[in-house]
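One structure below.
The values are calculated or read from the model by the stated rules, or taken from the named source; none is laboratory data. Bear in mind that the values here come from a model prediction, so they are computed numbers and not experimental data. Cβ: placed from backbone, ideal geometry, glycine included. Neighbour counts: every protein chain shown. To get the accessible areas, we keep the full protein, side chains included, count just its heavy atoms, and leave off ligands, DNA and RNA. Shrake-Rupley method; radii C 1.70, N 1.55, O 1.52, S 1.80 Å.
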Amino acid sequence: MYIIVCVKQVKNYNLEKRKTSANSGSNDMFHNPVDLMALAWAMKLKQMYGFKVITISMGPLNAKSQVRLLYSYGVDRAVLLSSKTLAGSDTYATSYALGELIRNYFSDYSMILCGDKTLDSETGQVPHSLAMALGVSSYSNIVEILRKEDCFEVTCEVESDRVKMTEKDKLLCTVTQGPKDYVNLPAIKNIIDSESKEVEILTSKDLKVKDEVVGQKGSYTKVISLHEKNFVTRRKQQNIVFSEEKMGMLMKVILGESL
Amino acid sequence: MKKLCIFIEHKDGVPTSNSQKILYMAQMLKKQYGYRIIAIVMEQNSESFIEYLKTIEVDEIYFVTLNEKNKLLFLKEEIDNLVCFLKEINPEVAWATNSSCYRILFPKVAYSLHTGLCAACSDFKYDEDSGRINMVRTVFSNNAYAQISVHRSRPVMATILDEKGTYNLERNLTFPEIHDITDRILLIRDNQAIKIMKELESINLDKSQIVIGLGNGIHDKSDMDLFEKLSRLLNHAAIGGTRELINRQILPQNCQIGSTGTQIFADIYIGFGISGSPQHMQGIEHVKKIIAVNNDPYASIFQHADYGIVGDMYEVANYMINYLGGKDT
């Protein structure tokens, strides 16, 4: 009985801009924040019902030390799928690779948890495509997860409604926030233990699929051009430093016509 | 003839602004490159919307009448049915609104069709050499535009970002064919498994004329009282905030303003304690007047604001409350 949590290591683009040398290491990466919230849900379920928690990540090999840090949150196994042939995967190829990884090695899972989207690409497509790749139902915006008689009872917010579902089969849930009244911080003992734990590395060969169906070759979309976006600078006048006199004048200008 | 499927939505029989944009983009493709427009409506109570669609330039209309529970969650078999239907139609392009329904449905459909999907696109480009449609969207935290090609599969799938514009849609010249495909797509459900609970308090961030935006400068959830008071004095301005405040559980999820939350189109936006990350700025770029309050004179929001106030957000909020006739808190 275990729960899989997908955790992406995203790149710090600003940091990259500032760097002059090419010594980019795992310090340039951090866990996608909302994926850590998915992990918090998993750890809460572990505490309540005794599930084991496995994290899976896909990325370059230098993400390994970041992935190792996941042990400090109390996860039981941390897996990194890393291979040059997987580089340049679009959302389809990523979902396919993760799907094959889960199908081949972790098919006895009870639930998969993901953050709703990543900070770097913000498409929010991978979790739902992954659910399709594995043939399971997926639910978004989860606000409560309970286990009742071999079923999951999940409550999610859909537009302006709150919907409760009972799911007998395996399922995938995406979250936008952590569980209420539960914080999952790294424990000192786990931080120390994490140093001696090894991240399990798997490559595209372990997926038992042809190279043509993963990575850039297996992708259906490609970026053909990029250009910088210019923000509109509206600035018409200097900032005012807060004082009652200046504010009075500004309030009339700002709100005069509207109120 | 190349076909273009558009999945559009309505509110009380009127197309949403997101749907109007898609209809407008579709009519451009038809006019310039001869695409056949196939409108697909999957909604509750769509009769008057379909009547409306008959009056504008679309070639075929397919509709699925949903009930309350279908609308919320499509079952896997229903998605398979939709995929079969799309395979038969065999469109060159398929676009949908960027609503929560299609943001979930489209990745599933694209995966099953083994094709590429571009999320939250703002525009398209027609490649004259290949005769293909490429999609345009912002990437790298809203810092750049990318043109994305779906190069080896069909259809080119995309969800289209709402820009709340006004679009002059072409009136129809021929009467469109109309097909009811409800029975083909939907299953009869065991409704026991789904329970709908009370409606959440709806927040009209995107419709409010004045929006108060809160950032990480806020200390504690109890401070919300101050800004709620200000909101009441500003004709019940909507209150939204940055992702950090959602993560800190100071504001609920549907209050998030930005690229991953709601885009706002207010007349006035007052940002308290907001630094101005590109993601947040994307959410407020269509606001007519931006007022920024921050104690850091170098906060990047000041570059994009019409008025900048350097000062403590609490002092400024209290001043505004006093000015507007409320008592100091």
query = Relative contact order (percent) for the range B:3-185, with alpha-carbon contacts under 8 angstrom and 6 or more residues of separation?
reply = 29
request  = Name the long-range amide H neighbours of B:ILE178: under 5 Å, sequence gap of 5 or more, or other chain; modelled H, no Pro or chain starts.
outcome  = B:ILE61
query = Which whole-number value in Å² is the accessible area per residue of the range A:161-218, probe 1.4 Å?
reply = 61
task = Evaluate peptide B:143-155: per residue, the Cβ atoms of other protein chains within 10 Å of its Cβ; return the mean as an integer.
result = 5
note = iface A-B | buried accessible area, total | probe 1.4 Å | Å², round 100 | 7300
query = Given a Förster distance of 45 angstrom, what is the FRET efficiency for B:ASP129 paired with A:GLU200, based on the Cβ-Cβ distance and rounded to 0.05?
reply = 0.45
task = Using the structure shown, list the pairs from A:LYS205/A:LYS229; A:LYS8/A:LYS189; A:LYS222/B:LYS288 with a Cα-Cα distance above 29 Å, or answer none.
result = A:LYS205/A:LYS229; A:LYS222/B:LYS288
remark   = Carbon plus sulfur, as percent of the 1.4 Å-probe accessible area of chain B, comes to 47
key: Value of [θ]222 nm, deg cm²/dmol, for the protein assembly as shown, DSSP H segments ≥ 4, -39500 (n - 2.57) each, nearest 500   = -8500 deg cm²/dmol
task = Pop out the carbon and sulfur fraction of the accessible area of the range A:71-177 as a percent, whole number, probe 1.4 Å.
result = 41
note = Rounded to the nearest 10 Å², the accessible area of B:ILE37 using a 1.4 Å probe with every protein chain kept is 0
query = In nanometres, what is the gap between the two model label sites at B:HIS179 and B:SER153, each 7 Å from Cα along Cα-to-Cβ?
reply = 2.3
request  = Any chance you could give the angle, 0 to 90 degrees and rounded to 10, that helix B:313-323 forms with the longest Cα principal axis of chain B?
outcome  = 80
ask   = In terms of the Cα gyration tensor, with a ≥ b ≥ c the square roots of its eigenvalues, is the range B:36-101 rounded because a/c is under 1.5, prolate because a/b exceeds b/c, or oblate?
value = oblate
ask   = How do B:ARG103, B:ARG171 rank by accessible surface area computed with a 1.4 Å probe, from largest to smallest?
value = B:ARG171, B:ARG103
key: Per residue solvent-accessible surface (Å²) - the range B:210-324, probe of 1.4 Å   = 34
query = Does the range B:1-116 come out rounded, prolate or oblate, given a ≥ b ≥ c as the square roots of the eigenvalues of its C-alpha gyration tensor, rounded meaning a/c under 1.5 and, failing that, prolate meaning a/b above b/c?
reply = oblate
query = Where a Cα-Cα gap under 13 Å defines reach, which aspartates and glutamates qualify for B:LYS54, not counting those fewer than 8 residues away within the same chain?
reply = B:GLU170, B:GLU177
ask   = When DSSP assigns beta bridges and you keep just the ones with both residues in the range A:2-224, what percent turn out antiparallel, to the nearest 5?
value = 40
query = Do any residues of the range A:117-145 lose at least 50 Å² of accessible area when the full set of protein chains is present rather than just their chain alone, and if so which, with a 1.4 Å probe?
reply = A:LYS117, A:GLU122, A:GLN125, A:HIS128, A:MET132
query = About its Cα centre, what dipole magnitude does the protein assembly as shown give when the only charges are +1 on Lys and Arg Cβ and -1 on Asp and Glu Cβ, stated in debye to the nearest 20?
reply = 1120
key: Projected label distance in nm at B:ASN172 and A:ALA87, using a 7 Å step from Cα toward the beta-carbon   = 5.2
task = Could you go through the range B:5-20 in sequence order and give the Karplus-derived ³J(HN,Hα) for each residue, using 6.51 cos²θ - 1.76 cosθ + 1.60 with θ = phi - 60°, rounded to whole Hz, and x for Gly and Pro?
result = 8, 10, 9, 10, 10, 9, 10, 6, x, 9, x, 5, 4, 4, 5, 4
task = Would you mind computing, in nm to one decimal, how far apart the modelled labels at B:TYR298 and B:HIS236 are, each placed 7 Å from Cα along Cα→Cβ?
result = 4.3
key: Antiparallel %, DSSP beta bridges [both residues in chain B], to 5   = 20
key: Three-way shape call for the range B:210-324 based on the alpha-carbon gyration tensor, with the a/c threshold at 1.5   = rounded
key: Filter on B:LYS30/B:LYS87; A:LYS252/B:LYS221; B:LYS3/B:LYS108; A:LYS164/B:LYS108; A:LYS168/A:LYS197; A:LYS84/B:LYS2 - keep pairs with C-alpha separation over 26 Å   = A:LYS252/B:LYS221; A:LYS168/A:LYS197; A:LYS84/B:LYS2
task = Give me the number: length gained by fully extending A:VAL183 to A:LYS208, i.e. 0.36 nm times residue separation minus the C-alpha to C-alpha distance, one decimal in nm.
result = 5.2 nm
message = So, R0 is 60 Å and r is the distance between the beta-carbons of A:HIS227 and A:ASP193; what FRET efficiency does that work out to, to 0.05?
response = 0.80
query = If you average the sequence gap of Cα pairs under 8 Å that are 6 or more apart and divide by the length of chain B, what percent do you get for the contact order?
reply = 14
request  = Just need the relative contact order of the range A:2-224 here, percent rounded to a whole number, with Cα pairs under 8 Å and 6+ apart.
outcome  = 28
